[in-house]
Amino acid sequence: MAELITVGCSGLVALSAGLGLLMLLLLRWVFSHKRRGGLPVPPGSMGWPLLGETLQLISAYKTTNPEPFVDKRRAWYGNLFKTHLFGKPTIFSTDPEVNKFILQNEGKLFRTSYPSSITNLLGKHSLLLITGNLHKKLHSLTLSFANSSALKDHLMLDIENLVCLTLDGWNDHVLLQDEAKKITFELTVKQLLSFDPGQWSENLRKEYLLLIDGFFSLPLRLPITTYGKALKARAKVAEELRAVVKKRRHESEKSDHYDMLAALLNEKSEEGECLSDDQIIDLILSLLVAGYDTTSTIMTLAVKFLTETPQALAELKEEHGVIRKKKDGAQRLEWSDYKSMIFTQCVISETLRIANIISGVFREALCDVEIKGYTIPKDWLVFPCFRAVHLDEDNYSEDARKFNPWRWQGKQPSNIGTFTPFGGGPRLCPGYELARVGISVFLHHMVTLFSWEVIEEDKLIFFPTTRVVKRFPIKLIRSGRRLPLEI
């Protein structure tokens, strides 16, 4: 009997302790998210303790609606609302003025912030994660390899050669998304490392596919998980890049390479020392990620949207037909040809607006920030939601969620404050013009060499990234050839 009483008392003590701990966690949850004095935090719900609204976010995007999570909460709370995602209190902004304020105050009131799972895959020295003067120097350096001058001098020819090389190898059935990814990856490898298309770059690309899958998976470090496979692929990519870096360091004095790696080997850190191998590897690895997936998706979706909008496709073909008539056979495109692609830029801008490859970015508040009658507390995350702004009827009329390239006629996208497909502020994507040129050249050769029909209807989904489910299978009818050597 005494033993039973002892066991019973022990159980009650354990139960009481458990309930006490739970109550303590709940109290900490309530008071840690309660604003004391000053302006209030934006309205919203913090969801369940610890989990927050993470599960609601993930489950919401299983539909074809591009912004179900944000649409619902904006209707309830307005353009600024609080939530709790991935273990952190977070404020969402669908207000273009607030978004601009957040982006422009990078390094002053806010800093870049990403989960450790992404940091582990990109590397702590990636351009996405470094801060301060080193970020400014390397961002400027990256921009110098993708600006108008570099594009006119040599990059546009590289792009055209790679596009024609890829299109020349097509049979009558292709998965367009896969083919676009080959083009953008080979171009990025060429720009960063001066490697021409071949088995080495193709093997590297296969590892990159595994690496990118890991960004949107549960961060479980087991060999059989997607994240575990991504970490393994990251190690293989880093090993290959390390071999290239070491070889180029050894031959640096007699090397005549003009590429990003050559520039990084000559770059100095804030301490005045040469960048380490690890720094260079992380930078190149992250630039390959940035240049690979985003541009290829816009290429694919531009063709998809044009196919679904015959009038737009006809107008685009007419524009490029005029350019082609001025050429002698396979003569290469000139910078003036690119600048004459007026409707093409409308198509690209509208595809960027609808697709929203980057739905938004995470920033962390460095101090309490007051804006629009609310406080963003120190250490909270903020998420300027570009997609919600791009799809808002208040900004883009009642047909905001429909593909309408004519809405851009006579307008300069860079002058429109509600249009931020490449981010903004000090972290504006340095490859924004390179992306536009690459897509323009691809569309030129696509519409002047082929007509096509969709083999199987493909659905556009928006989580964890914007993409087509079936990789957009199409049947091609070729009207000609344009070999790279002829350009």
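The values are calculated or read from the model by the stated rules, or taken from the named source; none is laboratory data. This structure is a prediction, so every number in the text was calculated from the model and none was measured. Because the Cβ atoms are built from the backbone with ideal geometry, glycine has one as well, and the counts that use them run over all protein chains shown. Please note that ligands, DNA and RNA were not included when accessible areas were found on the heavy atoms of the full protein model with its side chains. Shrake-Rupley method; radii C 1.70, N 1.55, O 1.52, S 1.80 Å.
Things worth noting here:
- Selection within the range 50-83 - among the small types (Gly, Ala, Ser), exposed (fewer than 15 other Cβ atoms within 10 Å of the Cβ) and at pLDDT below 85: 59
- Selected residue (criterion: surrounded by the most Cβ atoms within 10 Å (Cβ to Cβ)) from residues of the range 154-181 that are free of Cβ contacts under 8 Å to residues at least 40 places away in the same chain and charged (D, E, K, R): 179
- Residue in the range 242-254 that is small (Gly, Ala, Ser) and at pLDDT 90 or above present: yes
- Selection within the range 275-305 - closer than 30 Å to residue 248 by Cα, hydroxyl-bearing (Ser, Thr, Tyr), surrounded by 20 or more Cβ atoms within 10 Å (Cβ to Cβ) and out of contact with any Gly (no Cβ under 8 Å at 6 or more places or on another chain): 292, 294, 296
- Some residue of the range 97-113 being open to solvent by less than 10 Å² (accessible area, probe 1.4 Å), in contact with a Lys or Arg (Cβ under 8 Å, 6 or more places away or on another chain), at pLDDT 95 or above and not in a helix (DSSP H, G or I): yes
- Of all the numbered requirements in (1) in contact (Cβ under 8 Å) with a residue 60 or more places away in the chain; (2) on the phi < 0 side of the Ramachandran plot, residue 415 misses one, and that requirement is (1).
- Scanning the range 419-477 for residues that are open to solvent by 20 Å² or more (accessible area, probe 1.4 Å), of a type in the set (Phe, Trp, Tyr) and under 25 Å from residue 322 (Cα atoms) yields one hit, 452.
- Tally of residues being surrounded by fewer than 16 Cβ atoms within 10 Å (Cβ to Cβ) and in contact with a Cys (Cβ under 8 Å, 6 or more places away or on another chain) across the range 376-418: 3
- Per-region count, the range 114-135, residues in a helix (DSSP H, G or I), open to solvent by less than 20 Å² (accessible area, probe 1.4 Å) and not aliphatic (A, V, I, L, M): 1
- Tally of residues being in contact with a Cys (Cβ under 8 Å, 6 or more places away or on another chain) and either among the charged types (D, E, K, R) or at positive phi (or both) across the range 235-289: 2
- Scanning the range 306-362 for residues that are of a type in the set (A, V, I, L, M), under 20 Å from the mean Cα position of the chain (by Cα) and open to solvent by less than 50 Å² (accessible area, probe 1.4 Å) yields 347, 348, 352, 354, 355, 357, 361.
- Helices (runs of 4 or more DSSP H) completely within the range 185-271 that count 3 or more residues being touching a Leu at 6+ places or on another chain (Cβ under 7 Å) and either open to solvent by less than 90 Å² (accessible area, probe 1.4 Å) or among the hydroxyl-bearing types (Ser, Thr, Tyr) (or both): 226-250, 260-266
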